[in-house]
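Please read the structure below before turning to the comments.
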Amino acid sequence: MHESMTRMYEYRLPFLRGELADLPERLTLTDLQSLDHYHYCSTTAIDIAIERLGITAESQVLDIGAGVGGTARYLAQQVGCQVTGLELQPQFQQMAVELTQRTGLSQRVTFVQGDILTGIAGTFDAWLSLLVFLHIPDRKTLFSQCAVVLKPGGRFYIEDYVQLQPLTPVEQRVLAKQIACPYLPTLESYQQDLARAGLGVLAYENVTPLWQNWVNKRWHQFQKNQAQYRQKHGDDLVDSYLCFYQAVADLFSGGNVGGVRIWGQLLP
C-alpha cells in the first residue's frame, strides 16, 4: 500500500516546485491555496472541521496524512492552535517544513515523518484526516492508534471515500491501481470499525453529490488549462494529473463510490 501510494503521488512535488518558481520567497496562505490542499473543497473543508471539532487557540491538533502541510498551516493561522502534521512520505514532510518556514508559521506548526500505523508520541485534543484513510486497509490497527493519540473526550473528524453499492471489477482495479485504495468500506462497516476502537460517531454527512461536482470541475478545469501547464511542466506531469483526475471523476460518476464526513469523540 505504501509503495503504490508513493508512486501515485510522485508527480506532485515537481509540479509544486514548478509553480513555486513564480512565487516570492516569503509566502502567504493565499499564494499556496491552489497548490497545497490535496483534499476536496479546499479551505471550506477545513472550516467545517474546525467547527465540528470545536478547535480553539488552546487546542493541540493532529493532522493525519498532512501532505505538504496546507491543512495544518490553515488551522494554525485561522484559529491560532498548535498543530502537528504526521506525514508518511519523507519528501512531502520536508516540503511541508519548507513551506511552513516560508509562511512564518513554524512556531505553531510541526511536521513529523512517520506512519500512523506505528503510532506517534503525544496526545491531542483533536485529530483530523482528509482523504487519507482510503489508502490504509488495516482498519483495526489504524483506528486503535487513532484512539490512543486522543486525550479523554478528544474529538476526531474524517473525510473519506465509502462504498455506496457493490463495486464493478473495473472500479476495484482503478481504486487499487490508480487511487491506491485497496479496500473501500461501506459507511456501516466504517462506523463499526471506529466503534471497535472506542471512537464514537456523533454524526456523519453524505457529501457524494458535492464531491462529484467538485471532482468533475477539477478535471475539466485542468483540461482547459493543460496547454499552459504542458509548456511549463512538460507532457508527462500533465498527463499524470489528467489521468488521475479523470479516474476520480469517473469513479464518482458511476454511483458506487461516494464521500462522507464523519465526526465524533473518544468514548469513555
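None of the figures in this text is laboratory data; all of them are computed from the coordinates on show. This structure is a prediction, so every number in the text was calculated from the model and none was measured. Note that each Cβ is placed from the backbone with ideal geometry, even for glycine, and that neighbours are counted across all protein chains shown.
Criterion first (over 21 Å from T30 (Cα atoms), within 17 Å of the chain's Cα centre (by Cα) and buried (at least 24 other Cβ atoms within 10 Å of the Cβ)) does L75 satisfy it? So L75 fails the test.
Among the residues of segment 36-49, those that are over 13 Å from G264 (Cα atoms) and not charged (D, E, K, R) comprise H37, Y38, H39, Y40, C41, S42, T43, T44, A45, I46, I48.
Per the conditions (1) surrounded by fewer than 22 Cβ atoms within 10 Å (Cβ to Cβ); (2) without any contact (Cβ under 8 Å) to a residue 40 or more places away in the chain; (3) within 27 Å of V207 (Cα to Cα), the sole criterion not satisfied by C41 is (2). For segment 218-268, a residue qualifies if it is assigned to a helix (DSSP H, G or I) and under 30 Å from G200 (Cα atoms), and the qualifying residues are V248, L251, F252. For segment 31-89, the set of residues classified as part of a loop (DSSP other than H, G, I, E, B) and at positive phi consists of C41, G54, G65, G67, G69, G80, listed by residue number. Scanning segment 257-268 for residues that are crowded, with 17+ Cβ neighbours inside 10 Å and of a type outside the set (A, V, I, L, M, F, W, C) yields G258, G259, R261, G264, Q265.
Considering segment 141-190 alone, what residues qualify as being assigned to a loop (DSSP other than H, G, I, E, B) and more than 24 Å from F244 (Cα to Cα)? Walk me through it before giving the result.
As a first pass, look at segment 141-190 and keep what is assigned to a loop (DSSP other than H, G, I, E, B): 149, 164-168, 178-186.
Hit for segment 141-190 is V149, nothing else.
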